[in-house]
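Data block below; observations after.
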Amino acid sequence: MPDQPLLSRLDLNLLVSLDALLTERSVTRAAERLHLSQPALSASLSRLRAHFDDPILARRGNAYELTPLAMRLTEHTTTALEAARRVFESQAAWNPEQSTREFAIFGSDYGFATVGRTVSRIARERAPGVRFRFMLHNQTIVEDAATRLRAADAMLIPHGFLTDLPYADLWQDDWVGIASADDARIGTQATMKDLAERPWVFTYQSREAFTSASRQLQQLGIEPRVEAVVESFLALGHFVEGTDRLGIVQSALAPIVERSAAVRTFALPFDATPVLNAMWWHPVHDRDPEHQWMRELFVDAAAELGARADPKRLP
């Protein structure tokens, strides 16, 4: 295996220095971040430049910017550093009550505001030292999920976007419409004519990023007149409030959206396909006892969330 001799000669401390340099784009700030002297980090930068045969940081006027190679390294470095951290955090025997492990979870604000916050509360009761880092995903991250999930622990995303990865089903959710609280023209249930004539706010709108309910509108022959697209379910109500616009959100999120903006829910005039929420991970985590504990935690939280859901909550 020709790569092993090269790897054995590498100083993995350089990975930490490289990550700080790529993030801060300054030797001074990177040194401060790592609590090192500037000469020490300058020496690390020299070694990195020799290894990659590239300046890494190139001066432009009074500032430094990343070289094209350094920009490509940015994403790989973060992933590699996280993977290395996980290797050395692993333990033969793991006690959740004594653990200080941090789990990194990708997802949308919908997932975080529903099952994520429930997981965080239950974890505090069962393992007070365990932490969660909830990170917003985007189209690029979802498309590269197989790679991203080698370093992160899981991704919260409904069925229909990922394949060929292990997953655990969490809970099923329905869709409801939202209108401004002072919109007298929409009752407790809209008509197909209302949906066709009104302007809309969508969460996500692209070939790869969409909601099943909005896609279903088009399949029913309605081409929504979209006035705003916001990549946040929690922010949707603010774009509907005080207007004649309509939006669609998940039932579990609707009470939170109603509390944050002057909007109200209404029943959709078609059978919207339910959302089957799931948690996905990379197979490298399958036998990790800490990861297994985390997966069980999400399943328990989803069961609690499902038990609280009231499908007849609409007025």
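The values are calculated or read from the model by the stated rules, or taken from the named source; none is laboratory data. Being a predicted model, the structure only gives us computed values, none of them experimental. So basically every Cβ, Gly included, is an ideal-geometry build from the backbone, and we count neighbours across all protein chains shown. Remember, those area values only see protein heavy atoms, side chains included, never the ligands or the DNA or RNA. Shrake-Rupley method; radii C 1.70, N 1.55, O 1.52, S 1.80 Å.
Ligands, DNA and RNA left out, the 1.4 Å accessible surface of the chain is 51% carbon and sulfur atoms. Think of it as helices only: each DSSP H run of n ≥ 4 in the chain is worth -39500 (n - 2.57), and spread over all residues that comes to -12500 deg cm²/dmol at 222 nm. Around LEU170, which amide H atoms from residues at least 5 apart in sequence, or from another chain, sit under 5 Å from its own amide H, with H modelled in the peptide plane? Here the answer is ASN277, ALA278, MET279, since their amide H atoms fall under 5 Å of that of LEU170. Note: relative contact order over region 191-315, using C-alpha pairs below 8 Å and six or more positions apart, is 24 percent. Close amide H contacts of PHE233 (hydrogens built in the peptide plane, cut-off under 5 Å, sequence separation of 5 or more or a different chain): ASP109, TYR110.
How many Å² of accessible area per residue for region 99-245, probe 1.4 Å? That works out to 48 Å² for each residue.
Can you list the equivalent-ellipsoid semi-axes of region 191-314, largest first and in whole Å, using the square root of 5 times each Cα gyration tensor eigenvalue?
Working: eigenvalues 196, 60, 40 Å².
So the equivalent ellipsoid measures 31, 17, 14 Å along its semi-axes.
Within the set (1) 139; (2) 185; (3) 161, the number that volume of the Cα convex hull per residue in Å³ takes when calculated for this structure is listed as (2). Shape descriptor for region 43-134: Rg over Rh equals 1.16 (Cα atoms; Rh from the Kirkwood inverse mean 1/r). Summing charges over neighbours of ASP183, with a neighbour being any other residue whose Cβ is under 12 Å away from its Cβ, gives 0 when K and R count +1 and D and E count -1.
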